[in-house]
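What follows is calculated from the coordinates using simple rules that are stated; it is not laboratory data. These numbers were taken from a predicted model, which means no experiment stands behind them. Heads up, the Cβs are rebuilt from the backbone with ideal geometry, glycines too, and the neighbour counts pull from every protein chain shown.
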Amino acid sequence: MWLANGLLCKVLLLVPRHAAIVARILGPAHAEVLTTLIGLGEIGMAAWVVSGYRRRLCALVQIALILSMNALESWLAPDLLLWGRANAFFAVLFCLVIYHHTFRPARLSPR
C-alpha cells in the first residue's frame, strides 16, 4: 500500500488527484514538490514495514499517519477522495488490519 501510493501516485504523479489533495490542504504553490516529498516518505514507510525493525512502533506510526491523513482529507478535500467521506471507513479497516497483524497474541503451536 505504502509503496504503490508513494511511488506510483505521488512520486511519478500517475494519479493527479493526490497532487490536487495536497494542493487543497497545503496550498497550490508547491503542491507538486510536496506531493513528491510525501511520496518519498511513503516509500520510506514501506521500507520500514518490510525491514521489520521495531514492528510495534512502526505499526503505531502507520496507524497515526493513516488516521490523521484521512481526517484532514475528509475535512478539507472530501470531494477529491476516491470514495468521499467513506474513505474513512476503509482507513479504519486498514488500521485494524495493521493493529491485528502486529499486536495479536501469539498462538500456541499444537503438540
- Task: Could you list all residues from segment 7-62 that are touching a residue at least 60 places away in the same chain (Cβ under 8 Å) and either small (Gly, Ala, Ser) or over 22 Å from Cys95 (Cα atoms) (or both)?
- Result: Arg17, Ala20
- Message: Could you go through segment 103-110 and let me know if any residue there is touching a residue at least 40 places away in the same chain (Cβ under 8 Å) and out of contact with any strand residue (DSSP E or B) (no Cβ under 7 Å at 6 or more places or on another chain).
- Response: yes
- Item | Matching entry among Ala20, Ala64 (being over 14 Å from the mean Cα position of the chain (by Cα) and either among the aromatic types (Phe, Trp, Tyr) or part of a helix (DSSP H, G or I) (or both)) | Ala20
- Which residue, of Ile98, Ile66, is among the hydrophobic types (A, V, I, L, M, F, W, C) and within 21 Å of Val11 (Cβ to Cβ)? Ile66
- Scanning segment 63-85 for residues that are under 24 Å from Phe103 (Cα atoms) and either touching a residue at least 12 places away in the same chain (Cβ under 8 Å) or surrounded by 13 or more Cβ atoms within 10 Å (Cβ to Cβ) (or both) gives Ile63, Leu65, Ile66, Leu67, Met69, Asn70, Ala71
- Task: Give the residues of segment 1-28 that are of a type in the set (Gly, Ala, Ser) and either over 17 Å from Ala77 (Cα atoms) or surrounded by 13 or more Cβ atoms within 10 Å (Cβ to Cβ) (or both), sorted by residue number.
- Result: Ala4, Gly6, Ala19, Ala20, Ala23
